[in-house]
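Since the structure comes first, as structure tokens, the remarks are kept for the end.
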Amino acid sequence: MDERLPKAQIARLRERYVVRLATTADELVRLASASPGTDVDAEIVHLIHRLRGSAASFGFPALSELATSVEDDWTGRGSHTALHSGARALATLIHHFSGRVDL
């Protein structure tokens, strides 16, 4: 995050990010529950890649690290099962951060 931004602006950006994270978690759960396939897997990878790049910037390094691990595993092995399990794990972690437990 840019240290030159006022703290109040940074806080607002982080709050909006957290709201979007909840939507992302719901989408990951939905996609991970679908049958593996090219379109579904591509959507999961896209969401995971976005998390990989943004989570640490907004103060969620563990989320970024898990997204990195899942994406790297997918790139290396191409396991649909691992990708869908990783998506569910990311959703669980997001819900943990947001205080939600209603997966």
- Query: Across segment 48-91, what is the number of residues that are hydroxyl-bearing (S, T, Y) and surrounded by fewer than 17 Cβ atoms within 10 Å (Cβ to Cβ)?
  - Reply: 6
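Going by the structure shown, is T68 of a type in the set (S, T, N, Q), over 16 Å from the mean Cα position of the chain (by Cα), more than 13 Å from I94 (Cα to Cα) and not in a loop (DSSP other than H, G, I, E, B)?
Numbers: of a type in the set (S, T, N, Q): yes; over 16 Å from the mean Cα position of the chain (by Cα): no; more than 13 Å from I94 (Cα to Cα): yes; not in a loop (DSSP other than H, G, I, E, B): yes.
No; evaluated as a whole, the condition is false for this residue.
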- Item | Unmet criterion (only one of (1) crowded, with 17+ Cβ neighbours inside 10 Å; (2) more than 20 Å from R12 (Cα to Cα)) for H95 | (2)
- Item | Residue match in segment 40-59 (condition: of a type in the set (K, R), part of a helix (DSSP H, G or I), without any contact (Cβ under 8 Å) to a residue 60 or more places away in the chain and out of contact with any helix residue (DSSP H, G or I) (no Cβ under 8 Å at 6 or more places or on another chain)) | no
- Message: Can you say whether P36 is touching a helix residue (DSSP H, G or I) at 6+ places or on another chain (Cβ under 6 Å), surrounded by fewer than 20 Cβ atoms within 10 Å (Cβ to Cβ) and modelled with pLDDT under 95, as far as the supplied structure shows?
- Response: yes
- Message: Let me confirm something: among R4, R16, which residue is in a helix (DSSP H, G or I) and among the basic types (K, R)?
- Response: R16
- Considering (1) modelled with pLDDT under 95; (2) part of a helix (DSSP H, G or I), say which one A91 fails and leave the rest. (1)
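The values are calculated or read from the model by the stated rules, or taken from the named source; none is laboratory data. Predicted, not measured: the structure shown is a model, and the values here were computed from it. Because the Cβ atoms are built from the backbone with ideal geometry, glycine has one as well, and the counts that use them run over all protein chains shown.
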